1. Wholly within the range 523-632, which helices (runs of 4 or more DSSP H) include no fewer than the required count, namely at least 1 residues that are polar (S, T, N, Q) and touching a residue at least 12 places away in the same chain (Cβ under 8 Å)?
2. Please determine, by comparing only the residues of the range 490-522 that are without any contact (Cβ under 8 Å) to a residue 24 or more places away in the chain and outside any helix (DSSP H, G or I), which one is most open to solvent (accessible area, probe 1.4 Å).
3. When only residues in the range 642-662 that are without any contact (Cβ under 8 Å) to a residue 12 or more places away in the chain and in a loop (DSSP other than H, G, I, E, B) count, which is farthest from the chain's Cα centre (by Cα)?
4. Name, by its number, the condition in (1) assigned to a helix (DSSP H, G or I); (2) open to solvent by less than 50 Å² (accessible area, probe 1.4 Å) that does not hold for GLY84.
5. I'm checking my understanding of the structure. Among residues of the range 434-489 that are part of a loop (DSSP other than H, G, I, E, B), in contact with a strand residue (DSSP E or B) (Cβ under 7 Å, 6 or more places away or on another chain) and not aliphatic (A, V, I, L, M), which one is surrounded by the fewest Cβ atoms within 10 Å (Cβ to Cβ)?
6. Find the residue count for the range 329-359, including only residues that are over 21 Å from HIS307 (Cα atoms) and at pLDDT 95 or above.
7. I need every pair where a residue in the range 298-324 that is under 23 Å from LYS531 (Cβ atoms) has its Cβ under 6 Å from the Cβ of a residue that is open to solvent by 40 Å² or more (accessible area, probe 1.4 Å) and among the basic types (Lys, Arg), sequence separation at least 6 or different chains.
8. Go over the candidates PHE324, PHE313, PHE271, PHE348 one by one and state the one that is outside any loop (DSSP other than H, G, I, E, B) and open to solvent by 60 Å² or more (accessible area, probe 1.4 Å).
Amino acid sequence: MKTSPTKVGIKYQQEKKYKKAKKCFEQALIERPDNISALVNLGVVLHHLNQTSKGLSYIEKAMALQPKNPDILYNKAELLRMSGDYQHAITYYRAVEKLQEPSASHLFNIGRCLEGVKQYHDAIVCYTQAYELSQDSKFAYQAGRLLLFLKEFLLAKRCFEKIVEKNPDAADAYFYLGMTQHTNHDEEAKQFFEKALALDPNHKKARVFLFHTKLLLCEWENYEDELIVVVNIVKKEINHNKLTINPFAAMILNTGPVLPYKITSFITSGFKTEAKNNHYIFDKRDRNKRLKIGYLSKDVEGHPVTHLAYNLFQSHDKSTVESFLYSTGRVVKDDPYRNHWVQTCDHFTECNHLGDYEVADKIYNDQIDILVDLSGHTGSRELSIMAMMPAPIQVNYLGYPGTSGADYIDYIIADKTVVPENEWQYYSEKPVLMPVTFIITDDEQKISKVKTSLSEHDLPSDKFILCSFNSSYKQDPTVFRIWMEIMHQCENTVLWLAAKNETVKHNLTKEAIANGIASDRLIFSKRVDSKAAHLERLSHAHLCVDSFVFNAITTCVDALWAGVPLITKTGNSYHARGSTSILQAIGLNELVTTTEREYQDKIIHFIKHKDEYTAIRDKLIRNRTTTPLFNTRGFVRNLEKAYQTMWQRYQEDQPLELIDVSTAD
């Protein structure tokens, strides 16, 4: 008995011999044009032969014969998914669900499509349902990975815990468990990374993030050797188009501008590849109308960005600027910073529940002229949204102190100090050089009127109080050893530090003792209930000492506003020169150093020369009201001048060029 050409074609198809399969299915259709199996399988085979459009036409013929056949609908959905037409694929997957209960693989494929159109929360629901149906760990992995991307750390942790329950040897799952704890639970993260490496000693990401986590914990044993290993891993992997570290973590590797540029460029090129080509068309509106400026941020809550830019929206000139705020992060109810931004911007959109394409469409439909990303690589979704280019001009500012690496972002707000001319080549954006400093500040920031005593903060009344409230990851053995040497030479000093947990306190105390400094000369700050209370207590310090690899920046602004001088050392990157820019803006150039020895000597000099210390503190108090640093409206006027220059150049079809605001018309 002769075997039917359809059966032979299916056999060839399973063996991936698509050309032979195609001939068999075509023969089957010659014999019987309404052969459903041949029509559907020919459609699938043609897709594998890069003839997707033709393949879909055969599946549509089958659909015309049996419009409610779930197998046909499912195969059409699959072809659409594999060809990248995720939105239409979802429609057909959903049509199948109306006819039969979905399988785990069905739900998984819908999830992939939803993720493809950036509807992340809906995708997570599908992945979770697929796992519940099948108990297959790969579905839990997909849900966990996406939750991690959205910074839903607790939910992501539960997903990866399910994986290691079933497979205790899953090194990758332990790595991702570490990532879920990396931000807030460093000790637990360290244990997970160590477990991943015990299972797989060649797990590069685990090794890199273990090093980073140890820095968060101020655990510096073998620091120099491990730093060399990690930097070599990161450089080697990025040169092979592999990512082992996120841009923010890479900042503390102290490599200069080249490596961060490569890392950010690699990430943003991926966002651009994934972005749907929306073909947004922009009309060059009447220049006499108000500019529509959109701000995109995940941090619409109490956060360094809102602390610095608290009065950004309030300070905009309403006659020339119409401001829009798009919040992509979590919703923190009754947060005073969130409430102030929402109340002072002209238009607010909560985007937490929207997919990335929906956010981009909203921005486009609002006819935004200039879109400013206030999160950069500290966020998750914002650069993905920017990749869709929903505004004709796009800007990187404030949230991430460095280049976005994105060729779809036109400008970065900077100054001549943080982005000097010899580093412009390592920025994907054109620099906008603000006249004095890149940083916006709040010149109305409240300092608590409830005065506290030194003893309430465990501070002595007869000592010179050095202070660093920088996050622990900004510290490193080099700067800490210098602080210890200063304290060794100046026995009347104590060091007031911030420490997020007991492990950090233990490790710093151990380092102090190893450097010959008694443990009671380190004083760790207590938590306070507001920023105003923090600024009040900060005023008890005599002198703030900066870190090298990653400057204080926001903490520097806080110190100066509280009336406390800060000494910095200029570094080799945007984030290592931030404090230099800030001190120059308040006219305190004498607090800027360029070498470790100069930094150490200057701090010792002020400790030992009370008259000169008093003079510099008095100068700081005077300069707070007479120099540009704490002049919010003045900064925003210059920012608006930059926006107007961007818009004018766009209107006149001029090529993108650097903008020097101090010389702009």
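1. 554-561, 578-585, 596-608, 610-623
2. GLU491
3. Only one residue fits best here, namely GLU652.
4. (1)
5. Looking at the filtered set, the residue picked out is ASP458.
6. Count: 2.
7. These pairs meet every condition: SER315/ARG633.
8. None of the other options fit; the residue is PHE348.
The values are calculated or read from the model by the stated rules, or taken from the named source; none is laboratory data. Just so it is clear, the structure is predicted and the values come from calculations on it, not from any experiment. All Cβ positions, even for glycine, are placed from backbone atoms using ideal geometry, and neighbour counts span all protein chains on display. With ligands, DNA and RNA removed, areas are computed over all heavy atoms of the protein, side chains included. Shrake-Rupley method; radii C 1.70, N 1.55, O 1.52, S 1.80 Å.
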